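The values are calculated or read from the model by the stated rules, or taken from the named source; none is laboratory data. Everything numeric here is computed off the predicted structure, so don't read it as measured data. Glycine gets a Cβ as well: all are built from the backbone with ideal geometry, and neighbour counts include every protein chain shown. For the accessible areas, the whole protein counts, side chains as well, though only heavy atoms, and no ligand, DNA or RNA atoms are used. Shrake-Rupley method; radii C 1.70, N 1.55, O 1.52, S 1.80 Å.
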Amino acid sequence: MAENRLRVVCGPTAAGKSAIAALLAIEYTGSLISADSRQIYRGFDIGTAKPTISEMKAIPHYGIDVANPTERYSASDWATAASQWVEDTQRAGRAPLIVGGTGFYIKALFDPLFEAPEIDKERRASFEAFAASMPVPELRTWCRALDPARSHLGRSQLTRAIETALLSGHRISELHSSRSRDSRWAAAYLVVDPGPELARRIETRVDEMFDAGWLNEVENLDRSIPDDAPAWKASGYTTMRSVARGEADLSSARDRIIIETRQYAKRQRTWFRHQLGEAHVTRVDPSRPDWEAIVQRWWKETS
C-alpha cells in the first residue's frame, strides 16, 4: 500500500465494524484508530461500545478516551490527532486501520479541509444553547434555507452549519471549496452493513449495554458531569440520565434508545452512500457466508 493511503473500516452503528477490524489487526499486525465521536470522551464507556481493556491490550488502540467530557472536540481536532496516530503506528512497524462510523471525522482526514472563519465564542455558545432545545427536523428546515448542501446531516453538523452561516455569513459547503487545503492522506474504504439484519443487531446491542451496567455508569457520571457537557450528546445518554433521575422508566427508555439508534444508523447509511466520492470502496454484509473472503480480498487489493 502506498504510504499515504489508509484503510478505513466504516459503516452504521452495530454493523460489526469493530469485530472485522480487530480480526484484520490481529492477522496483519495492525493498530486501530477509532473514528467515533462518542468514544473520545473519558468515562462514557458502556453506551458508546468502547473496546474492553483486554481488547485494547491485545491490539494497540488510538482515539479512545482522549478528551474530558466537558471539552468541545471537533472533527479538525480529531483529524490532526489521527494523522499523528497514523505516523506513530507506521513508525512502530504496524499497519494503521481507521475504524468507526463518524463520517465527518473521516471526511476531515481525507477530504480537503477548510480554514474556518472566526466566530465570537460567546455568540456561538448562546446560539448552541438555543439550538439544543430545537428538534432535529426544525434544525434541518433552518439548514435547508441557510446551507442546503448540509441539511441531510445530524444534529451537531446541522447546528454548526447554521451557526456558521448566521454568525459569519459563510456557508460551510462553500468554504470547503473556497478555503480548502490539500489532504495528505488517501482512503481505501470497507463499508460494513448487514442490511435488514441491522435492526436486530441494534436491539441486541442496547440490551447488552443494559446488562453490562449502563444505568449504573450514567448514575455515576451524573454526579460529576454537568448537563451541558458535550459528552452527554452520545446516543442514548440523555435518555439514560432521565432514568437515573427518576424521570423515565427503564422499559420506555430502552424502546426510545432503540428507535433513536436506528434513526442514527439510517443517517450514517445515507452519509456513507453519498459522501465517499470516487475513492476505493468495497461493501460487505457480515451476515453473508462469504463476508470473510470479501474482507480478505479488500485487504490484499489495498496492499
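Over all other residues within a Cβ to Cβ distance under 14 Å of residue 31, the charged ones net out to 0, with Lys and Arg as +1 and Asp and Glu as -1. In units of the compact-protein estimate 2.2 N^0.38 Å, the chain shows a Cα radius of gyration of 0.99. Across every pair of different alpha-carbon atoms, what Kirkwood hydrodynamic radius in Å does the range 121-226 reach? Hydrodynamic radius (Kirkwood, Cα only) of the range 121-226 equals 17.5 Å.
Within the shell of other residues whose beta carbon sits under 10 angstrom from the beta carbon of residue 131, the net charge comes to -1, with Lys and Arg scored +1 and Asp and Glu -1. In the full protein context, the range 224-303 carries 57 Å² of accessible surface per residue, based on a 1.4 Å probe and ignoring ligands, DNA and RNA.
Counted by Cβ distance under 11 Å from residue 11, the other residues give a net charge of +2, where Lys and Arg count +1 and Asp and Glu count -1.
Once divided by 2.2 N^0.38 Å, the Cα radius of gyration of the range 60-100 becomes 1.24.
Report the FRET efficiency, 1/(1 + (r/R0)^6), for residue 132 and residue 200, where r is their Cβ-Cβ distance and R0 is 30 Å, rounded to 0.05. The value I calculate is 0.40. Above 21 Å, the calculated P(r) of the range 162-303 contains 63 percent of its Cα-Cα pairs. Checking the cross-link pairs 50/266; 57/121; 17/121 against a 32 Å limit on the alpha carbon distance flags 57/121; 17/121 as lying beyond it. Determine the share of the range 32-82's accessible area contributed by carbon and sulfur atoms, expressed in whole percent, with a 1.4 angstrom probe. That share works out to 52 percent. In a Debye calculation with equal point scatterers on the alpha-carbon sites of the range 1-55 and no solvent, what is log10 I(q)/I(0) at q = 0.19, 0.20, 0.29 Å⁻¹? Log10 of I(q)/I(0), two decimals: -0.77, -0.85, -1.40. Size descriptors for the range 1-147, from the alpha-carbon set: Rg then Dmax equal 17.2, 50 Å. Among the GluC sites (Glu not before Pro) in the range 248-303, those located in a DSSP loop and surrounded by at most 13 other Cβ atoms within 10 Å of their own Cβ are 278. With R₀ set to 51 Å, the beta-carbon distance separating residue 303 from residue 144 gives a calculated FRET efficiency near 0.75.
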